[in-house]
Amino acid sequence: MAVREALLALLGMGPAYGFALHGGLAERTGGRRAINVGQSYATLERASKAGLITSAGATDDGLPLHRLTASGETVVAGWLSGTDASGADPWDESLDRVLIAASLPEVPLSPVLAAERERWLARLAAASEVAANAASAGEQPEADASAGARLGRLAAAADAARARAALAWLDEVDAAEDAAALAFAPSDVRPKRGRRRSAQPSASA
C-alpha cells in the first residue's frame with residue numbers, strides 16, 4: 001500500500017505522534033494493514049525530509065508531534081482522488097484508500113467511491129478487450145495456440161474478474177446503511193507498545 005500517503009491522510013485529522021499513526025493505520029484499514037513500526041517511523045522521517053510534514057511540538061510526556069505542510073495536504077488530496085503510489089497494486093490501493101477515507105470524519109466518501117468506480121470500469125473494459133481479442137485470434141487457423149497465448153487469455157480473464165470484484169465491493173460500501181458510522185475521531189487512549197512487565201511473584205508468608 002501507499003504507506004506514506006496513508007499516514008499523511010491520518011495526519012489530516014490533526015497533529016499526532018508516530019506510534020499513534022502506526023496504530024491508526026491498522027485500525028482504519030480494518031486490520032488489513034499492520035506494518036512494522038520501524039517502517040512507520042522511517043516513512044515519517046522521509047516525509048519530513050521531503051517537506052510533507054513538520055514538527056507540531058510534543059506531547060506532555062515528550063513525544064514529538066507531526067503535522068501536515070501545504071505540500072503534504074496536496075499529496076493527501078491526490079491520493080484520495082486516486083493517485084496510486086509508484087509500483088503499488090491497484091487492488092490494494094483501492095481497498096486501503098476507501099477504508100481509510102471511510103474512517104476519516106472530514107473526508108467525504110462519495111467522491112472517493114465515484115473515482116474508484118470510474119477507474120475500475122476502465123480497467124474492466126481494457127481487460128475485456130484484451131480477452132476478446134485473444135479469443136478472436138485463437139479462432140483463426142494461423143493463430144499462435146501456444147501455451148503462452150492461452151496463458152495470456154487467462155491472465156486477461158483474471159484482470160477482468162478482479163475488476164468486477166472491485167466494482168461489486170465498491171457497490172457494497174456504497175450501499176452501507178450508515179456510512180457515516182464508519183468514521184471516527186482519533187482516540188485519546190495512548191497506544192501501548194511492547195509487552196507489559198510480568199507481575200512479580202508475591203513473597204511467601
### Task
Could you tell me whether Ala34 is within 27 Å of Arg119 (Cα to Cα), in contact with a Leu (Cβ under 8 Å, 6 or more places away or on another chain), of a type in the set (Gly, Ala, Ser) and at pLDDT below 95?
yes
### Message
Can you tell me which of (1) at pLDDT 95 or above; (2) closer than 25 Å to Ser48 by Cα is the one Thr83 doesn't meet?
### Response
(1)
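Return the only residue of Ala156, Ala134, Ala166 being surrounded by 14 or more Cβ atoms within 10 Å (Cβ to Cβ), part of a helix (DSSP H, G or I), at pLDDT below 80 and touching a helix residue (DSSP H, G or I) at 6+ places or on another chain (Cβ under 7 Å).
Numbers: Ala156 fails: at pLDDT below 80; Ala166 fails: at pLDDT below 80.
After ruling out the rest, the residue left standing is Ala134.
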## Note on the structure
The number of residues in the stretch 86-123 that are surrounded by fewer than 13 Cβ atoms within 10 Å (Cβ to Cβ), among the charged types (D, E, K, R) and under 24 Å from Gly51 (Cβ atoms) is 1
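Restricting to the stretch 22-54, name every residue that is polar (S, T, N, Q) and part of a loop (DSSP other than H, G, I, E, B). Please lay out each step first, then the result.
First, pick out the residues of the stretch 22-54 that are polar (S, T, N, Q): 29, 36, 39-40, 43, 48, 54.
Thr29, Asn36 - these are the residues of the stretch 22-54 that are polar (S, T, N, Q) and part of a loop (DSSP other than H, G, I, E, B).
For residues that are closer than 23 Å to Ala185 by Cα and not hydroxyl-bearing (Ser, Thr, Tyr), tally how many sit in the stretch 83-102.
Of all residues in the stretch 83-102, those closer than 23 Å to Ala185 by Cα come to 93-102.
If we keep only those that are not hydroxyl-bearing (Ser, Thr, Tyr) too, we end up with 93, 95-102.
Here the count works out to 9.
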### Summary
Among residues of the stretch 43-62 being surrounded by 14 or more Cβ atoms within 10 Å (Cβ to Cβ) and among the hydrophobic types (A, V, I, L, M, F, W, C), the residue nearest to Gly24 (Cα to Cα) is Leu44
### Task
Would you tally the residues in the stretch 99-120 being in contact with a Leu (Cβ under 7 Å, 6 or more places away or on another chain) and not in a loop (DSSP other than H, G, I, E, B)?
8
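The values are calculated or read from the model by the stated rules, or taken from the named source; none is laboratory data. The shown structure was predicted, so the numbers you read here are calculated from the model rather than taken from an experiment. Cβ atoms come from the backbone with ideal geometry, glycine included; neighbour counts cover every protein chain shown.
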